[in-house]
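Visitor: Got a structure for you, questions after.
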Amino acid sequence: MTTIDVTADDRDQAIRAVRRKRGFRAELASYLLVNAILWGVWFATGGAPEQGYWPAWVSAAWGIGLAISAWHTFGQKPISQAAIDAELQKMHRG
C-alpha cells in the first residue's frame with residue numbers, strides 16, 4: 001500500500017467526504033425500508049386504485065430530497081484553490 005503525502009486540510013476534507021457518503025448510504029437504506037413497508041401495507045390492504053396510491057406521495061417527496069442529497073454527496077465538486085483565489089480577487093477589487 002502506498003502512502004500519500006497530504007496536508008491536514010486535505011485529510012479533513014477526505015474525512016468529511018467519507019462521512020457524507022456513509023450518511024447518504026444510511027439515508028438510502030431508510031428510504032428503501034420505509035417505502036417497502038408503506039407499499040407493503042398498501043398492497044396488503046387491497047392496493048385498490050379507489051383508495052389512491054398514497055405511498056407514491058411519500059416515495060416521490062422523499063425521493064426528491066434523496067436525489068438532492070445524492071447530488072450534494074456525489075455530484076458536487078469540491079471547492080478548488082483556484083476558485084477561492086478568484087473569489088478573493090473579486091472581493092478585493094470592490
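What follows draws every value from the coordinates through simple rules; no lab data is involved. Since this is a predicted model, take the numbers as computed values, not measurements. No Cβ is skipped: glycine too gets one built from the backbone with ideal geometry, and neighbour counts run over all protein chains shown.
Visitor: Each label point is 7 Å from the Cα along the Cα-to-Cβ direction; what then is the distance between the points at residue 71 and residue 48, in nm?
Guide: 4.0
Visitor: Got a sec? How would 59, 80 order by Cβ neighbour count within 10 Å, fewest to most?
Guide: Details: 59 17, 80 9.
Fewest-to-most ranking of 59, 80: 80, 59.
Visitor: Further question on the same structure: How would you rank 87, 27, going from fewest to most other Cβ atoms within 10 Å of each one's own Cβ? Intermediate results must be reported in sequence, preceding the final value.
Guide: Details: 87 11, 27 16.
Starting with the residue having the fewest Cβ neighbours, the order is 87, 27.
Visitor: Between residue 26 and residue 5, how high is the FRET efficiency from 1/(1 + (r/R0)^6) when r is the Cβ-Cβ distance and R₀ = 30 Å? Nearest 0.05. Working shown, then result.
Guide: Working: r = 32 Å, r/R0 = 1.06.
After rounding, the FRET efficiency stands at 0.40.
Visitor: Going by the alpha-carbon gyration tensor, a ≥ b ≥ c the square roots of its eigenvalues, is the chain rounded (a/c under 1.5) or, if a/c is not under 1.5, prolate (a/b greater than b/c) versus oblate?
Guide: oblate
Visitor: Grab the beta carbon distance between residue 36 and residue 83, set R0 = 35 Å, and tell me the FRET efficiency rounded to 0.05. Mind showing how you got there, number by number?
Guide: Details: r = 41 Å, r/R0 = 1.18.
Computed FRET efficiency for residue 36 and residue 83 comes out at 0.25.
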